[in-house]
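Beneath this line is the structure, given in C-alpha cells, with notes to follow.
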Amino acid sequence: MPKIRIEFDKQTCIGNKACLAMDFKRWKDVGEKVELIGGKEVQRDFFILEGDFSEDEVETIVEGAKVCPVNAIGVKNLDTKKELYKREITTANIKEIRAKYDDRKEFILDPAGYFLIKTNPKSKEIEVGFCREPNVVAIKVIGKNPLEIYQTIINKEKLEIRKDHYAYLGRELQKAYIALQQGLEYVQDDELNFKEKVNIK
Ligand code: SF4
C-alpha cells in the first residue's frame with residue numbers, strides 16, 4: 001500500500017464541495033467549506049493527512065483533488081516522492097499567446113444552424129432556440145442559469161455544433177444571466193448596457 005500525503009489549503013477552498021462528491025470518505029461538509037477527515041492543522045487553515053491507502057483509494061483521492069477548481073488539494077506519494085497532484089501551478093515552459101481575432105473579417109457561420117436567445121425578465125428565465133434552417137426553431141430550452149441550459153443542450157440533447165459555437169453559447173448565456181440579475185436589457189450579440197435598467201411590468 002502506498003504511503004500518501006494529502007494537503008488541504010482551507011483558506012483557498014471556496015466550498016463548492018466537488019471533492020466531497022468525488023470522495024466522501026476523505027471529505028466532510030462543514031458548512032461553507034469542507035474538512036479533511038483526520039487531517040492535522042500544521043499551520044493556520046493548512047491541513048495534512050498522511051497514511052497508507054490502497055491503489056483504489058489513492059485513485060479516488062487524486063480524482064477528488066483534480067476536481068477542485070481552486071487547487072486547494074495536493075496529493076503526494078511519500079514512498080516515491082512523486083507529486084500525484086500538485087497544488088502549485090507551473091509556468092516554467094509556458095507558451096504565452098496574445099489573443100487576436102477580428103469578428104468582422106474572420107467570422108464563419110456554423111452550417112449546423114444558429115441560436116436565438118432571449119430573456120424573460122418576469123420569470124427571470126433564459127430561452128434558447130436553435131434553428132437548423134432559417135426561422136424554423138427546432139429545439140427550445142428554457143432555464144434559470146447558463147450551467148443548466150448548456151448542459152441540457154450539449155450533453156443531454158447532444159446538439160452537434162462547432163466548438164466556437166459552444167463557446168458563443170456560453171458567452172451569450174452568461175450575458176443573458178447577468179442582464180436578468182442586474183435588471184438590464186439583453187440583446188443577443190450586443191454588449192450589455194450597464195447604464196440603463198429596464199422596467200419590468
Ligand atoms: S473542491 Fe476544492 S474548493 Fe471545493 S470544497 Fe473541495 S477543497 Fe474546497
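A short reminder: the numbers here are calculations on the coordinates, not readings from a lab. In this text, all values refer to a predicted model and were calculated from it rather than measured experimentally. For neighbour counting, all protein chains shown are included, and Cβ atoms are generated from backbone atoms with ideal geometry for every residue, glycine included.
Numbers for the structure displayed
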read-out: Residues that are of a type outside the set (A, V, I, L, M) and within 8 Å of the ligand (Cβ to nearest atom), drawn from the stretch 11-23; value: Thr12, Cys13, Gly15, Asn16, Lys17, Cys19
read-out: Those residues of the stretch 49-77 which are part of a strand (DSSP E or B) and within 14 Å of the ligand (Cβ to nearest atom), in sequence order; value: Leu49, Ile73, Gly74, Val75
read-out: The stretch 36-48, subset more than 16 Å from Lys86 (Cα to Cα) and crowded, with 17+ Cβ neighbours inside 10 Å, residue farthest from the ligand (Cβ to nearest atom); value: Gly39
read-out: Pairs, first farther than 21 Å from Thr152 by Cα and without any contact (Cβ under 8 Å) to a residue 60 or more places away in the chain in the stretch 173-201, second among the basic types (Lys, Arg) and exposed (fewer than 15 other Cβ atoms within 10 Å of the Cβ), C-beta under 8 Å, six or more apart; value: Gln182/Lys197; Leu184/Lys197
read-out: Selection status of Phe107, in contact (Cβ under 8 Å) with a residue 24 or more places away in the chain and not β-branched (Val, Ile, Thr); value: no
